[in-house]
1. For the condition at pLDDT 95 or above and out of contact with any Ser or Thr (no Cβ under 8 Å at 6 or more places or on another chain), what is the one hit in 265, 284, 233?
2. Can you name every one of the helices (runs of 4 or more DSSP H) wholly within the range 85-152 that holds 2 or more residues which are touching a residue at least 40 places away in the same chain (Cβ under 8 Å) and over 15 Å from residue 206 (Cα atoms)?
3. What tally of residues in the range 11-35 results from selecting those that are out of contact with any helix residue (DSSP H, G or I) (no Cβ under 8 Å at 6 or more places or on another chain) and either surrounded by 12 or more Cβ atoms within 10 Å (Cβ to Cβ) or within 16 Å of residue 228 (Cα to Cα) (or both)?
4. Mind checking whether some residue in the range 218-231 is under 20 Å from residue 36 (Cβ atoms) and of a type in the set (Phe, Trp, Tyr)?
5. Considering only the range 172-208, how many residues are over 14 Å from residue 140 (Cβ atoms) and within 19 Å of the chain's Cα centre (by Cα)?
6. Which of the residues spanning the range 161-193 are part of a loop (DSSP other than H, G, I, E, B) and under 22 Å from residue 119 (Cβ atoms)?
7. Which of (1) closer than 22 Å to residue 174 by Cβ; (2) not assigned by TED's automatic domain parsing to the domain that holds residue 207 is the odd one out, the single condition residue 147 does not satisfy?
8. Conditions: (1) charged (D, E, K, R); (2) within 13 Å of the chain's Cα centre (by Cα); (3) within 18 Å of residue 16 (Cα to Cα). Residue 95 meets all but one. Number of the miss?
Amino acid sequence: MPFISTDQIRAYQARTFRSTSNLRLRSRDEAIQFVQERGFVYFWPITGITLPSLWAAVAGDRPVADAHDDPGHVTWGWKDALLGSSAWYYAKILRKKATMVSFSLLPCFYALSENYGAYEEDYLTQYEQGRLTSEAKAIYEALLDKGRLDTVELRRVTHMSSPGSEGRFIRALTDLQADFKVLPVGVTQSGAWHYAFAYDIVARHYPELPEESHQIRENEARFNLAKAYLRSLGAAQTRDLIKLFGWRPADADYAVNALVNSDLLVSGCQIESQPGEWLVFAELAGR
């Protein structure tokens, strides 16, 4: 049974997360390349989830700073400037947190979403089956009818401008992002803070995406996403895949077995001071 030390994992992740000073990202172009290399990263570090983040790759492995003038907050400007562009895809996706996805892996994510046919009609089936809230339906239909809208205008036209409806509005907007139905495509000067995301329908903003994703089988999509995930972390357990992606255990097991059979992953490994058996990316395992 292969044995991996915590120092080995720490060194591997310092390289793939770009968290050491000599590997830090110094420019927007380097940030774009980082997302392309990793396939998907979080914007900020998320408690309880091990995954590369743009913040750590710029500012190092430290908490997100409260001070607005912290050098690490250059990431905010990069993100805003590239919303809705072809550099990366940004929305609240994994665990419904701010995620940046490369366009090489975006079709795999979309292939696993509940978007199967015409975006003008698919959402109605989900709503009728109780898998889309009335608030999410209202937001989606407002964008469908009026085109891109910022959050201030969206709340107005969906009759969710009151303070009491803010929670329902945010949850619905997040659900729509997590299912690849809407995404932020820009920033406006609206609202009290003169800062608001503008949203659009994914399939309308990126019209080539549905066709690209339809050519990918679900098992193939999971294989590619699991490979990128394990390649970033070096070592994880199947339950980590389930937690991050929300997959059924059987689907996660299928992806893991396919990676093992492809000699990209070594199963049954032991990690120093960690219980259970681990999955280790072949490069880290020395294979």
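1. 265
2. In the range 85-152, 134-146 are the helices (runs of 4 or more DSSP H) which contain 2 or more residues that are touching a residue at least 40 places away in the same chain (Cβ under 8 Å) and over 15 Å from residue 206 (Cα atoms).
3. Residues in the range 11-35 being out of contact with any helix residue (DSSP H, G or I) (no Cβ under 8 Å at 6 or more places or on another chain) and either surrounded by 12 or more Cβ atoms within 10 Å (Cβ to Cβ) or within 16 Å of residue 228 (Cα to Cα) (or both): 4 in total.
4. Yes, the conditions are met somewhere in the range 218-231.
5. 6
6. Of everything in the range 161-193, those that are part of a loop (DSSP other than H, G, I, E, B) and under 22 Å from residue 119 (Cβ atoms) turn out to be 179, 180, 181.
7. Looking at each condition in turn, residue 147 falls short on (2).
8. For residue 95, the failing item is (3).
The values are calculated or read from the model by the stated rules, or taken from the named source; none is laboratory data. Since we're looking at a predicted model, the values are computed, not measured. Virtual Cβ from ideal backbone geometry, glycine too; neighbours counted across all protein chains shown.
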